[in-house]
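Structure record follows, encoded as structure tokens.
The values are calculated or read from the model by the stated rules, or taken from the named source; none is laboratory data. Just so it is clear, the model here is predicted, and its values are computed rather than measured. Note: ideal-geometry Cβ built from the backbone for every residue, glycine included; neighbour counts use all protein chains shown.
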Amino acid sequence: MATFVQARQPMVFGLFRRRQRPEVLAAYTSIVAQARQPWLYVRYNVPDTVDGRFEMVMLHTILVLNRLRGEGGEVASFSQELFDTFFADMDGSLREMGVGDLGVPKKVKKMAEAFYGRAAAIAEALAADGLQELASVVDRNLFAGASDMGAAHAIARYLREAADGLDRQQASQIVASGPKWPGEPVDIG
């Protein structure tokens, strides 16, 4: 099974090589690689579809940006570049899927609305410090077509662990060497 990272690396690196800092590309590549871990799709029933992969990349990007929020200077610049990289990659993905030049801005606008909505909901759920609200956000967005609260709770536990791990990392460390992610959980129950 080819992973999203393997399929997307050439486009990402080719598109941004001259315009982006290597640290931003390394962080974004780490985000995409984590979002495409096979165990997320196998164990947690994340739909291995364009929408499912988009949701997972978006959730991981949101976790990193949420961690870096409020930091100034270089970290704020890095966060903006990371955000821009995410949307440039989504734009490129749409074009690779055959969406025409006139349709891309409309789709990117919908993606941006989804991103901002998810970012606010995820930040609020993480601040609530419980899993129920986070699981509801996951179920509502990732499993929109067919609710799967069991999987949503498992993903919420994983997201909480990932967010806590990011909180333990210095912002400068994330900028310099990318985010560190948790490995595959031993038990999802």
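Take the residues of the range 126-148 that are in contact (Cβ under 8 Å) with a residue 24 or more places away in the chain and touching a Lys or Arg at 6+ places or on another chain (Cβ under 9 Å): which is surrounded by the most Cβ atoms within 10 Å (Cβ to Cβ)?
134
Give 36, 67, 21 a once-over and let me know the one that is touching a residue at least 40 places away in the same chain (Cβ under 8 Å), among the basic types (Lys, Arg) and buried (at least 17 other Cβ atoms within 10 Å of the Cβ).
Every option except 67 fails the conditions.
Give 111, 90, 97 a once-over and let me know the one that is modelled with pLDDT under 85 and either within 20 Å of residue 37 (Cβ to Cβ) or in contact with a Cys (Cβ under 9 Å, 6 or more places away or on another chain) (or both).
Going through 111, 90, 97 in turn, the sole match is 90.
Does residue 119 satisfy the condition of being in a helix (DSSP H, G or I), modelled with pLDDT of 90 or more, closer than 21 Å to residue 33 by Cα and touching an Asp or Glu at 6+ places or on another chain (Cβ under 7 Å)?
Against the criterion (in a helix (DSSP H, G or I), modelled with pLDDT of 90 or more, closer than 21 Å to residue 33 by Cα and touching an Asp or Glu at 6+ places or on another chain (Cβ under 7 Å)), residue 119 does not qualify.
Criterion first (surrounded by 14 or more Cβ atoms within 10 Å (Cβ to Cβ) and touching a Ser or Thr at 6+ places or on another chain (Cβ under 8 Å)) does residue 179 satisfy it?
Yes: the conditions hold for residue 179.
In the list 46, 12, 50, which residue meets the criterion of being buried (at least 17 other Cβ atoms within 10 Å of the Cβ), at pLDDT 50 or above and either among the β-branched types (Val, Ile, Thr) or within 15 Å of residue 84 (Cβ to Cβ) (or both)?
One residue alone meets the criteria, 46.
Only residues that are in a loop (DSSP other than H, G, I, E, B) and under 18 Å from residue 64 (Cβ atoms): list them for the range 130-182, please.
Listed by number, the residues that qualify are 168, 169, 170, 178, 179, 180, 181, 182.
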